[in-house]
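Here's the structure we're looking at; comments come further down.
Just so it is clear, none of the values below were taken in a lab; they were calculated from the coordinates. What you see is a predicted model; the values in this text were computed from it and never measured. A quick note on method: Cβ atoms are made from the backbone with ideal geometry, for glycine too, and the neighbour counts reach across all protein chains shown.
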Amino acid sequence: YLNAAPPDVRPILEAIRDIVRRAVPDAKETISYQMPAFKLDHVFMFFAAFKRHIGVYPPVHGDDALERDLQPFRGEKGNLKFPLDQPMPYDLIRRVALALAEQAST
């Protein structure tokens, strides 16, 4: 998936991949629904490149401070859309990965 991404987007996807791998070292990488994904017992996080944004799925729940910080990036169904024409909030993506991993384990 990453190799097929446009050259200008590939470094962003690789950075997200590295962030999740470091934040949740026990997670295994996979492809699910034709997107890169990470799983523990089951898939807890997907990410994908689109024409104008990076999408991260599923929605985050249960961390009020994180949910407030994510509000500008929420899509219609609560999924996250990080615009490609803005600086990528990598620290926020790391927090999302940790929260989604925690959600999956409860």
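Lys77: which aspartates and glutamates have alpha carbons under 16 Å from its alpha carbon, excluding same-chain residues fewer than 8 sequence positions away?
Glu67
Using the Karplus curve 6.51 cos²θ - 1.76 cosθ + 1.60 with θ = phi - 60°, what ³J(HN,Hα) values do you get for each residue of the stretch 62-74, in whole Hz, with x for Gly and Pro?
Per-residue couplings from phi come out as x, 10, 4, 5, 5, 4, 4, 5, 8, 3, x, 10, 6 Hz.
Kirkwood Rh over Cα pairs of the stretch 1-80 into Stokes-Einstein at 10 °C, 1.306 mPa s: D in µm²/s?
After rounding, the answer is 118 µm²/s.
Grab the DSSP H runs of the chain that are 4 residues or longer, score each as -39,500 (n - 2.57), total them, divide by all residues and round the 222 nm result to the nearest 500 deg cm²/dmol.
Computed mean residue ellipticity for the chain: -11000 deg cm²/dmol.
Short version: ³J(HN,Hα) in whole Hz for each residue of the stretch 5-22, in order, from phi by Karplus 6.51 cos²θ - 1.76 cosθ + 1.60 (θ = phi - 60°), x for Gly and Pro, what are they?
6, x, x, 6, 9, 3, x, 5, 4, 5, 5, 4, 4, 5, 4, 5, 4, 6
State to the nearest 20 debye the size of the charge dipole of the chain about its Cα centre, where the only charges are +1 on K and R beta carbons and -1 on D and E beta carbons.
Computed charge dipole of the chain: roughly 280 debye.
For Ser32 and Arg10 in one chain, what is 0.36 nm times their gap in residues minus the Cα-Cα distance, to one decimal in nm?
6.1 nm
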